[in-house]
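The values are calculated or read from the model by the stated rules, or taken from the named source; none is laboratory data. Just so it is clear, the model here is predicted, and its values are computed rather than measured. Using ideal geometry, Cβ is built from the backbone for each residue, glycine included, and neighbour counts are taken over all protein chains shown.
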Amino acid sequence: MSVCTAQQLSRYSGDGFLVLPDFVSTHECDSLRSRATEMVSAFDPGELKSIFSTHEQSRTTDDYFLTSGDKIRFFFEEHAFNSDGTLKQPKEQSINKIGHALHDLDAVFNRFSRTPKLGELVEDLEIEDPLLLQSMYIFKQPNIGGEVTCHQDSTFLYTEPNAIAGLWFAIEDATTENGCLWAIPGGHQAGLKSRWLRGQNGMEFRVSDSTAWPEEELVPLEVAKGSLILLNGLLPHRSYENKSDRSRHAYTLHVISAAANYPKDNWLQRTTPLRGFE
């Protein structure tokens, strides 16, 4: 059964993104949020405080992040700490995201991520033999929710040929005030600008096109709770800092085709096989 109309699929093909309002229920959103809250409450960081940042990414990435492809791990906001390394506020208001195998290792997230409706949606996108590659619960904390600079998902999750889609679920309303997504319509048609990969000396960017993103063409994707935004892997998109007093929770999945080659120099690697929507 088709989830998207022919007109919607045409829009996705042309723009590189598609907004599907009311894709999941308020109850489903609240269930994910409640589970994420429970997980953070149970998380004891000890001396380990891994920070997620898109600034100077190759320099600041650590092993805790690089080995998280088949695990559930917690990453802090860049501005969550005082100069002495202590948290400025409770950990519940300091976590940037949880990743990257929630969909496989947690029953609540697994159930949300593998509904028949999602399987039918990905079938509409014509991703052959789809596999769930990674998942993230993103908090975008009030006042300190970090900027995510303009990027393409395929830079970090590269396949040959390009066969990847991002599924971005709004667990709360996302607005320009609290850090919604922004995208460049049609920007995916320009091709891949760079890859972030495992080199001999650690993580590095391999740049094939160094021209600046035309960020003046960015448009805000303000969506209500329960909406789903589909993102082509080559679509340039970003989000700004959340300087408001409201969080902007979201859950994301990335789906790739089993028929495509997933190189061993991608950052995200797994010791367990990928699974589909079964």
Here the residues within segment 66-101 that are in contact with a helix residue (DSSP H, G or I) (Cβ under 6 Å, 6 or more places away or on another chain) and part of a helix (DSSP H, G or I) are GLU92
By residue number, the members of segment 102-154 that are crowded, with 20+ Cβ neighbours inside 10 Å, among the hydroxyl-bearing types (Ser, Thr, Tyr) and outside any strand (DSSP E or B) are SER113, SER154
Of the residues in segment 7-32 that are hydrophobic (A, V, I, L, M, F, W, C) and out of contact with any Ser or Thr (no Cβ under 7 Å at 6 or more places or on another chain), the one that is surrounded by the fewest Cβ atoms within 10 Å (Cβ to Cβ) is LEU9
Here, strands (runs of 3 or more DSSP E) confined to segment 195-270 with at least 1 residues that are among the aromatic types (Phe, Trp, Tyr) and buried (at least 17 other Cβ atoms within 10 Å of the Cβ) are 250-257
Here the residues within segment 1-26 that are under 20 Å from TYR251 (Cβ atoms) and among the charged types (D, E, K, R) are ASP22
Requested in this report: Might you let me know whether segment 1-12 holds any residue that is assigned to a strand (DSSP E or B), of a type in the set (A, V, I, L, M) and either at pLDDT below 95 or more than 18 Å from ILE138 (Cβ to Cβ) (or both)?
Outcome: no
Take GLY187 and tell me if it is of a type outside the set (Ser, Thr, Tyr), crowded, with 20+ Cβ neighbours inside 10 Å and over 28 Å from PRO263 (Cα atoms).
no
Next on the checklist: Looking at segment 159-167, can you tell me whether even one residue there is part of a helix (DSSP H, G or I), more than 18 Å from the chain's Cα centre (by Cα) and charged (D, E, K, R)?
Outcome noted: no
Check whether at least one residue in segment 74-83 is over 25 Å from THR271 (Cβ atoms), modelled with pLDDT of 95 or more, of a type in the set (A, V, I, L, M, F, W, C) and buried (at least 18 other Cβ atoms within 10 Å of the Cβ), and report yes or no.
no
Residue pairs qualifying under the 6 Å Cβ cut-off, at least six apart or on distinct chains, with the first in segment 34-59 being in a loop (DSSP other than H, G, I, E, B) and the second being β-branched (Val, Ile, Thr) and modelled with pLDDT of 85 or more, are THR54/VAL148; THR54/THR149
The correct count of residues that are exposed (fewer than 14 other Cβ atoms within 10 Å of the Cβ), within 21 Å of ARG248 (Cβ to Cβ) and modelled with pLDDT under 85 in segment 33-72 is 1
Scanning segment 179-194 for residues that are touching a Pro at 6+ places or on another chain (Cβ under 8 Å) and assigned to a strand (DSSP E or B), the one farthest from ARG246 (Cα to Cα) turns out to be ALA183
With criteria (1) buried (at least 19 other Cβ atoms within 10 Å of the Cβ); (2) under 17 Å from the mean Cα position of the chain (by Cα); (3) at pLDDT 95 or above, ASP173 comes up short on (1)
